[in-house]
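A short write-up of the structure that comes next.
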Amino acid sequence: MQSSKASDTQVALHDLRYISSLASEREDRAIFLLSSLMEILSHLSAPNLESVEQVQTALASAWSYQLDMESQIPQLMVLTHILDVACSLLYGLPAQTELKQKALEDAFKGSPWSTSNDISDVIAIPVNPLKGQPQLVSQDSRAILGTAENGKDMLMISLLNNNDTFALM
């Protein structure tokens, strides 16, 4: 998404919205949340006239899915807060920025992830399988898909680890 071509960004946004749509249909809240956060990142990296509204829409979607206990992945919750603060700074909302910064700190400190000694930057995002579909993980997909202890498929992504996130705050 760091491409200089506007058309590449539009294709990426289209793909992210398609992923969101599929995830919503499958009630795959964690994937929908991740897709919303990636959409925000793409808007922030290639701003245009509609970016403010689109970022706010994607941010609202991300927050709505955070209400679901099953999709409360600590790293994604903190990333949502970080992006919320970044948007406030970028769009010149100083009154909101301070409140959002405090909410970010509280979310990070209240998260079990903040006290973890795990320095890994890999996050496991649960993937809801289609009914009747065999497990997604295969020998060929092990680099991006994993299996949880309960046998559920997981999308493995790299983001900030807890030390890097603390340094950002």
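Taking 0.36 nm per residue of sequence separation and removing the Cα-Cα distance, the SER24/THR147 pair yields an extension gain of 42.1 nm. The distance between label points at ASN128 and LEU93 comes to 2.8 nm (points 7 Å beyond Cα on the Cα→Cβ vector).
Bear in mind that the values in this text are calculations on the coordinates, not laboratory data. These numbers were taken from a predicted model, which means no experiment stands behind them. Every residue, glycine among them, receives a Cβ derived from its backbone with ideal geometry; neighbour counts consider all protein chains shown.
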